[in-house]
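> Below is one structure. I have some questions about it.
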Amino acid sequence: MPDGSYGKYLKPRRLATAEIPDIVQQYRQAALNAIEAEIPDIVNAFPIIVMFGMCSIFLFMASILQRRLMVIADRPKSKPQDWTALREMDGEEELLYV
């Protein structure tokens, strides 16, 4: 649990786009805490910072891809002869602003 206590985990849920910066900040703070705790020489702090940075990038890209897949999944199913109609639907009104 976030407060350090034990218990059942919450049911997994989809993250909102607005939650991602806070999670990235938590990863950043965890890396800073590890550096401040003076990790022994055996475990250098640099790989941990790189790992947290890569996790942050992964979470950011996953959120963009998730939004794009949701847009694609919400489109009506089309028959092969309706490609021109689908191409017209794929206009500027469906742009994703991230």
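Throughout, read-outs are computed from the coordinates displayed, never taken from laboratory work. Since the structure is predicted, the reported quantities are computational estimates derived from the model, not experimental observations. Every residue, glycine as well, gets a Cβ built from its backbone with ideal geometry; the counts of neighbours run over all protein chains shown.
> Extending each Cα 7 Å along its Cβ direction at L10 and F58, get the distance between those two points in nm, one decimal.
If labels sit at L10 and F58, their model points lie 2.1 nm apart.
> Let me ask something else. Over all directions, average the projected area of the Cα convex hull of the stretch 15-71 and note it in nm².
Average projection, Cα convex hull of the stretch 15-71: 4.0 nm².
> Something else: Fewest first, what order do L10, L32, L59 take by the number of other Cβ atoms within 10 Å?
Details: L10 8, L32 13, L59 16.
Lowest to highest Cβ neighbour count: L10, L32, L59.
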